[in-house]
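**Q** The structure that follows is given in the form of structure tokens.
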Amino acid sequence: MLDPLPQESWTRRNANHLLQRAGFGGSPDEQEAFYQLGSEQGIEAAVDSLLETSEDWSSVPWPFWAGGETDPNGDDYAGQAVRRRDVTQWYFECLTEGQPLAAKLLKFFADHFAIDSATINQYYRQIGLLRYFETLRRHAAGNVAGEDHPFEGDERLVPDGHYGNFRTLVNHVSWSIAMIRTLDLYVSTANNINENFGRELLELFSFGIGQAYTDLDDEYTEEDVVAAAKAFTGRKIYNFRWGVRNDAANQNPPLPPASVYQNNNQQDNSAKTFYGSSSMPGGGNIVDGDDIIELIFQTDRCPKHLSWKLWRYFASPDPSKELVAALATRMRDTHDYEIRPFLKDIFLSSEFYDESVLNAQIKDAGDYLVCVTKQLGTQLPTRDAVEDIMQQLGYEIYFPPSIAGWPEPDGSGNTWLSTGAMVFRMNMASIWSHHNFNIFTTGRTRNAMAEFEEVDWNTIAPPHLRPVENFPLLLEALLGRMLPNRELRKSQVRTLYDRYSSVSSQLGSLEGVKELVRLILSLPEYQIQ
């Protein structure tokens, strides 16, 4: 199991599949270059090109207000709403402009470690959100520790080292303002224990619950939840409001505002038993949250859950129990939770290219927006428009439907694939093809799109392909860009031809191209990847 794909099986179909899953696809030229790289230098060389870790995100700086020396949130709701839209735009710029695999991992982490802006509190909201996503995108890019962090305080570097390791990431998340506020960790003390974070740490972030890969002897208990909750008591936030002093400010040296620190007076320092262990492997009592995280990542259960979830995200929804076990061994024993080497094993494996894996996923709202933007070679819609799109699709990155993140297409609580959202999604392509801004909900948003750039139609559909008699070549070029691994039914091709012919004869070939692109982006096949 997990044997490498034979070199003779490297096809354009498999190359396009890998580009789509390890990123958001590529232009026809990028697709061909990637295929040729794998053909000439080997599949491993092609995979290694995706695993490049030099991304520094310098092309996507934080919003200008994030570096101010005064409270950036302001006291008025309007100012906060603008900054919330800034965060949304900044996040999608990271996805569209970042190194593809880093962008795809950032999106995975944002779902795996979902946070809720409504619970973070206005005094921490924007700065807490930005710092949180900064932590996620650094781990997504695999940057090494020791680099300057944009702000001191919100991320506590831990002894074991560098970014891009799942164990380290969970530790950093546990020290972040956004997660501490979202799961009420800041109110949990030795005398008043709040179990929210301890429970979700196990149920969502590390162990999972009720999945098919689990064994009865892997299960954890309520006693384990309580032990974890006790271990994470006493984590506090030094208030962001400048000039406020408390015990954090009196430390030597004083902590900067918006720092997370451990209040020893409110921590449960008792010895604990967790998941069958009464002490740490090297000796000593199990005391704090860092100890709990270390023990979690030594179990068999944790690598199974994380492997299962990463396979579902990058490959297909239903990995076998045997495959999950093989992946878990690679994740923990071979790679010690290093994320990119583990993904390399996935991307090289024959199982990743199985017919059951190709075209087995439904694009979520984020995938759809990023893929359209990149495939048409255009800019993102404006800040207000991106927020409007995500609201109508039920995919607001800082307002997940639950702490579990966004549900699968057939999962309970799904809103991003509801009937209303799908109607909007079918109409959404006209934003790019016809500058149809009437589908936005506010005049402010429609007015903001007035300067939205036109697609470069000469690149998408060169004039020599536009005569009706060249329709087969035109359609081939468009499908190669937007649906490289799908074949349409004859009835669909006939419908597209009839519509293209009709619009071209009435309004000209350029309008025919726009209508053809709109229809392709609205096809059921385009919703699949």
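The values are calculated or read from the model by the stated rules, or taken from the named source; none is laboratory data. What you are looking at is a predicted structure, and each value in this text was computed from that prediction instead of being measured. When we count neighbours, we look across all protein chains shown, and the Cβ atoms used for this are built from the backbone with ideal geometry, even at glycine.
**Q** Please specify each residue of the stretch 313-336 satisfying the condition of being under 16 Å from Ile362 (Cα atoms) and buried (at least 16 other Cβ atoms within 10 Å of the Cβ).
**A** If the condition is that a residue be under 16 Å from Ile362 (Cα atoms) and buried (at least 16 other Cβ atoms within 10 Å of the Cβ), then Tyr313, Phe314, Ala315, Ser316 are the ones that fit.
**Q** Scan the stretch 389-398 and tell me whether some residue there is within 19 Å of the chain's Cα centre (by Cα), surrounded by fewer than 19 Cβ atoms within 10 Å (Cβ to Cβ) and over 30 Å from Thr445 (Cα atoms).
**A** No, the stretch 389-398 has no match at all.
**Q** Collect the residues in the stretch 371-400 that are over 23 Å from Arg131 (Cα atoms) and in contact with a Lys or Arg (Cβ under 7 Å, 6 or more places away or on another chain), keeping them in residue-number order.
**A** The answer is Cys371, Gln375, Leu393.
**Q** Restricting to helices (runs of 4 or more DSSP H) lying wholly in the stretch 413-481: which have 3 or more residues that are in contact with an Asp or Glu (Cβ under 8 Å, 6 or more places away or on another chain) and either touching a residue at least 24 places away in the same chain (Cβ under 8 Å) or surrounded by 19 or more Cβ atoms within 10 Å (Cβ to Cβ) (or both)?
**A** The qualifying helices (runs of 4 or more DSSP H) are 443-448.
**Q** Right, next: With respect to Ala385, is the statement that it is in a helix (DSSP H, G or I), modelled with pLDDT of 95 or more and more than 30 Å from Arg13 (Cα to Cα) true?
**A** yes
**Q** Moving to a separate point now. Return the total of residues in the stretch 501-529 being aliphatic (A, V, I, L, M), over 14 Å from Leu479 (Cα atoms) and surrounded by 21 or more Cβ atoms within 10 Å (Cβ to Cβ).
**A** 0
**Q** Residues to consider are Gln36, Gln31; find the one that is over 23 Å from Leu310 (Cβ atoms) and surrounded by 14 or more Cβ atoms within 10 Å (Cβ to Cβ).
**A** Exactly one residue qualifies, and that residue is Gln31.
**Q** Going through the stretch 347-382 one residue at a time, which ones are small (Gly, Ala, Ser) and either under 20 Å from the mean Cα position of the chain (by Cα) or part of a loop (DSSP other than H, G, I, E, B) (or both)?
**A** Those that are small (Gly, Ala, Ser) and either under 20 Å from the mean Cα position of the chain (by Cα) or part of a loop (DSSP other than H, G, I, E, B) (or both): Ser356, Ala360, Ala365, Gly366, Gly377.
**Q** Next question. With touching a Pro at 6+ places or on another chain (Cβ under 9 Å) and under 18 Å from Glu93 (Cβ atoms) as the only criterion, which of Leu369, Leu380, Leu295, Leu327 stands out?
**A** The unique qualifying residue is Leu369.
**Q** What are the residue pairs meeting all of these: first residue in the stretch 283-302, first residue aromatic (Phe, Trp, Tyr), second residue surrounded by fewer than 23 Cβ atoms within 10 Å (Cβ to Cβ), Cβ atoms under 6 Å, and 6 or more apart or on different chains?
**A** Note: pairs meeting the criteria are Phe297/Arg167.
**Q** Quick one: would you say Ala385 is within 21 Å of the chain's Cα centre (by Cα), crowded, with 19+ Cβ neighbours inside 10 Å and among the small types (Gly, Ala, Ser)?
**A** yes
**Q** Give me the residue from the stretch 231-267 that is surrounded by fewer than 16 Cβ atoms within 10 Å (Cβ to Cβ) and of a type in the set (A, V, I, L, M, F, W, C) and, out of that set, modelled with the highest pLDDT.
**A** Ala249
**Q** Here's something else I'd like to know. Out of Arg21, Arg83, which single residue is modelled with pLDDT under 85, part of a helix (DSSP H, G or I) and out of contact with any Asp or Glu (no Cβ under 7 Å at 6 or more places or on another chain)?
**A** The conditions single out Arg83.
**Q** Look through the stretch 268-287, keep the residues that are part of a loop (DSSP other than H, G, I, E, B) and touching a Lys or Arg at 6+ places or on another chain (Cβ under 9 Å), and return whichever of them is surrounded by the fewest Cβ atoms within 10 Å (Cβ to Cβ).
**A** This residue is Ser278.
Here's the yes/no breakdown for (1) touching a residue at least 12 places away in the same chain (Cβ under 8 Å); (2) part of a helix (DSSP H, G or I); (3) over 19 Å from the mean Cα position of the chain (by Cα):
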| site | (1), (2), (3) |
| --- | --- |
| Leu169 | yes, yes, no |
| Val173 | yes, yes, no |
| Phe197 | yes, yes, yes |
| Gly208 | yes, no, no |
| Gln211 | yes, no, yes |
| Tyr220 | yes, no, yes |
| Glu223 | yes, yes, yes |
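**Q** Considering only the stretch 182-191, how many residues are assigned to a helix (DSSP H, G or I) and surrounded by fewer than 24 Cβ atoms within 10 Å (Cβ to Cβ)?
**A** 2
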